[in-house]
Amino acid sequence: MTEKKTGKENRQPEKNYEAMADIAAEILWGRLSVPADEGLRRFATGMLEEAAEAGNASAMCSYGAVYYSGLGVQQDMDKAAYWYEKAAALGSRKAMSNLGYVHYYGRGSHPVDMEKAYRYFSKAALLGDVCALYKCGDMYLKGLYVEADEKAAFSLYCCAFKLVSEEKPLDTYPDICRRLATCLHRGQGAEVDLQAALNLMEQAVRGFELRIGGGDVFTDGVLESARKELQEIEGELAYARILTEEEPQD
């Protein structure tokens, strides 16, 4: 005789949607030794879609990022914003930060709206999102929606730097280094320090080059700008050394 299986024994194990979201994100954006091929990307995107539809906030945010970047799909900023909004409603700080970008740059059908951008960035920053922290710094530096305050901007950049200075994640560290370097180069919110600016901008350039080598489609313009300012800093340092050498000795 065969044993009669109970309903409990027939029940399928519950899926771990958080784990699915983590695995998919690692495949799509992680530091794999071998880049994901098209089949693996489709597999990861499928996991994200399933987990997002099931209500997982991490998956919703990552699925939105797939559409934001056009990674293996037709780029669609409105779909990206849709999933970011759903994830943000569940408390995802990264989704809040990403919505800040949507409104800061005016993506898809969403017009530029600095009030909304600041609201999302500031809320995400308070929850510990590094990107949102330095974007709030950008808004203070440029006086966008808030009153311009270079010291506040520099302070926010320093706070962001402290959060990433040990691990130096490639998706944020170069951006923060560039911002601090510019402030120290131009004396924005801090005294001019060309040597510190040089060191930081060199790190920024190296990081941007690595990102582009890894397939980042948003960094080309930033790298060009960073290289140009690095040359300016090098030139100013060289000129300062010449002046020092020409000073009369007592």
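Descriptive notes on the structure:
- Those residues of the range 80-114 which are among the hydrophobic types (A, V, I, L, M, F, W, C) and either surrounded by 15 or more Cβ atoms within 10 Å (Cβ to Cβ) or farther than 22 Å from G55 by Cα (or both), in sequence order: A80, A81, W83, A87, A88, A95, M96, L99, V102, V112, M114
- Looking only at the range 14-38, and only at residues there that are more than 14 Å from L48 (Cβ to Cβ) and of a type in the set (A, V, I, L, M, F, W, C), the one that is modelled with the highest pLDDT: V34
- The lone criterion from (1) hydrophobic (A, V, I, L, M, F, W, C); (2) surrounded by fewer than 19 Cβ atoms within 10 Å (Cβ to Cβ); (3) more than 21 Å from M96 (Cβ to Cβ) left unmet by L144 is number (3).
- Unique residue being modelled with pLDDT of 95 or more, more than 23 Å from P169 (Cβ to Cβ), assigned to a helix (DSSP H, G or I) and of a type in the set (A, V, I, L, M, F, W, C) when the list is A59, A52, A80: A52
- Within the range 201-213, residues that are under 14 Å from R179 (Cβ atoms) sit with their Cβ atoms under 7 Å from residues that are of a type in the set (D, E, K, R), at 6+ positions apart or across chains, in these pairs: M201/R178; M201/E229; A204/R178; V205/R227.
- Filter result for the condition that a residue is surrounded by fewer than 15 Cβ atoms within 10 Å (Cβ to Cβ) and farther than 23 Å from Y68 by Cβ, over E229, E224, E245, E202: E245
- Any hit, the range 105-119, residues being within 22 Å of R178 (Cα to Cα), over 15 Å from the mean Cα position of the chain (by Cα) and of a type in the set (S, T, Y): yes
The values are calculated or read from the model by the stated rules, or taken from the named source; none is laboratory data. Because the structure is predicted, anything quoted here is derived from the model rather than measured. Please note: Cβ atoms are built from the backbone with ideal geometry, for glycine as well, and neighbour counts cover all protein chains shown.
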